[in-house]
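Working notes, structure below.
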Amino acid sequence: MDSDSRNALVIGSGISGISSALELAKAGVSVYLVEKEAVVGGHSARFCCKATDICVRCSACVVPDKIKEALLHPRIRLLTNSTVKRLSGEAGSFRVEITQQPGYVDAERCIACGLCAEVCPADPVAIYAPPAEATPFCYVLDEGRCLRFNGQQCSLCRETCPTEAIDLERKAKGQELNVGAVIVATGFDVFDAREKGSLGYGRYPNVLTGLDVEHILSREGQLRLRSNGEEPRRVAFVQCVGSRDKHHGYCSHVCCKYAMKLGGLIKHRSPDTEVTIFYIDLQTAGKGFAQFYEEYKGSIRFVRGVPVEILQTASGELEVKFEDISQTRVCRDIFDLVVLSVGISPSRNSWDLARTLGINMADDGFYATADPFGSNETTVKGIFLAGTCQGPRDIPDAVAHGMAAASSALEMLECAASPCDS
Ligand SMILES: Cc1cc2nc3c(=O)[nH]c(=O)nc-3n(C[C@H](O)[C@H](O)[C@H](O)COP(=O)(O)OP(=O)(O)OC[C@H]3O[C@@H](n4cnc5c(N)ncnc54)[C@H](O)[C@@H]3O)c2cc1C
């Protein structure tokens, strides 16, 4: 890599980090893209396309193309299974220590034949395929389940692998990087619906989250009841689960859109299925979205109400007890499937990284910006924010924010190379 002022570090390879990395690389900067997981792309790499006869602009298709472009870019070096341990120096000249956990399976050699999983004696098996859409597509070894990492003699997977992709002796390794700018793009955590115990997630098989539905439709193409494999005939979406409550005083911006688009997709595939959306107030901001709502009003039932409890009846149906705001009374309704529209929560590991980098957190748990009117600059010069680690946003906004972070970083790098006035 080149001198510090032509190098940058991007932490997190979700769509915002990928967008920042591409923007920097296209401007001639060499980028280290550090990802803590074995695969890249973050949450949105596993979303389904929600098109009916027409594209509904859910933006899920933007993600795989950008990932491919980033991975093929000669100026982007991807470090998976990696985290930042320490940072010193200043804008234009940072020194960063990275720890890379051993992946055990070499992504370049793995041909995903599955022989390792077939011979694995652990129960459940300790080596398995990642989700179909994962990049890189390479088998993953779970140390917690692996007999060898639990004190037993076993190396069947390594002995069976036809391409010698498995190395069970690999150790974590550290490396030091010199970079001029850092972009933090560590994303968000999906709200854990178990925290709303009265809504039954984790207790009733037919209560799912919006994220579950994204994954099921992306992987299996069709929504079926977990209890009996049948197609649901009455589906309810419950909005604002983990948003706009006393612990999360903000709107997640994405839930009304994804719920309506998923509801529209379910209706398109199974027109006889009844879809109901329970909402507090619909957030239809965004180009074309109000019109989209007008179109779906005819086929989706919208109820302005807050479900307070979900109970499973003896026959396995779900009874939703809700306060109907427009009629100011408590009502009950029966569904086969309830989808909790979970929101965007600050990532649990934000505090650790904030301490490592010396940046501040905001009161809502997302990273703080230096300027209340800006959203990319942190309280440390040379460290920038991209995407949902700064606050809730959808894919197009995360892309735009990632690109904006890259332009701020570029400006700073240019100043560092030939000092300017600001
Ligand atoms: C249920 C649900 C459905 C949604 N559906 C849509 C939709 O249909 N359309 C739409 O436009 N938006 C949708 N969104 C919003 C969308 O998920 C986000 O806009 C997008 O994922 C933001 O990308 P990001 O890169 O900011 O964060 P993330 O996707 O969270 O990516 C962050 C990345 O950083 C990595 N990381 C985290 N910490 C570290 C660390 N310390 N070191 C290294 N790497 C780290 C993570 O592993 C991850 O790869 C939905 C959101 C939810 C919750």
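At a glance:
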item: Under the Karplus curve 6.51 cos²θ - 1.76 cosθ + 1.60, θ = phi - 60°, whole-Hz ³J(HN,Hα) for segment 128-136, x wherever Gly or Pro sits; result: 8, 6, x, x, 3, 8, 5, 10, x
item: Magnitude of the charge dipole, segment 1-107, Cβ model with Lys/Arg +1 and Asp/Glu -1, debye to 20; result: 100
item: Per-residue [θ]222 nm for the chain (sum of -39500 (n - 2.57) over DSSP H runs n ≥ 4, rounded to 500); result: -7000 deg cm²/dmol
item: Amide proton proximity set for residue 308, modelled H, under 5 Å, gap of 5+; result: 321, 322, 323
item: 128, 204 arranged by Cβ crowding within 10 Å, fewest neighbours leading; result: 128, 204
item: 3J(HN,Hα) from dihedral phi, segment 28-39, Karplus parametrisation 6.51/-1.76/1.60, rounded to Hz, x for glycine, proline; result: x, 8, 7, 10, 9, 9, 9, 10, 6, 8, 7, 10
item: The chain: antiparallel DSSP beta bridges as a percent of all, rounded to 5; result: 50
item: Estimated dipole of the chain in Debye, rounded to 20 [Cβ of Lys and Arg +1, of Asp and Glu -1, Cα centre]; result: 320
item: Pairs from 36/196; 26/85; 36/68; 36/257; 36/173; 26/66 whose Cα-Cα separation, in the structure shown, is over 22 Å; result: 36/196; 26/85; 36/257
item: Furthest towards positive pole of dipole, 216, 24, 92, structure part the chain, Cβ charges; result: 216
item: Fewest-first ranking of 393, 77, 233, using other Cβ atoms within 10 Å as the exposure measure; result: 233, 77, 393
item: Likely footprinting exposure, 373, 278, 237, fewest C-beta neighbours within 10 Å first; result: 373, 278, 237
item: Rel. contact order, % - alpha carbon contacts under 8 angstrom, at least six apart, the chain; result: 20
item: Electrostatic dipole magnitude of segment 190-344 [Cβ: Lys, Arg +1; Asp, Glu -1; Cα centre; debye, to 20]; result: 220
item: Whole-Hz ³J(HN,Hα) from phi, Karplus 6.51 cos²θ - 1.76 cosθ + 1.60, for segment 194-210, glycine and proline x; result: 5, 5, 9, x, 5, 8, x, 5, x, 9, 10, x, 9, 9, 10, 9, x
item: Long-range amide H partners of residue 78 with built H, under 5 Å; result: 33
item: Positive-end extreme of charge dipole, the chain - chosen from 132, 302, 385 (charges on Cβ); result: 302
item: Extreme residue, positive dipole direction of the chain, given options 263, 344, 160 (C-beta unit charges); result: 263
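Each reported figure results from applying straightforward, stated rules to the coordinates on display, with no laboratory input. Because the structure is a prediction, the values reported are computed rather than measured. Cβ coordinates were reconstructed from backbone atoms using ideal geometry, including for glycine residues, and neighbour counts include every protein chain displayed.
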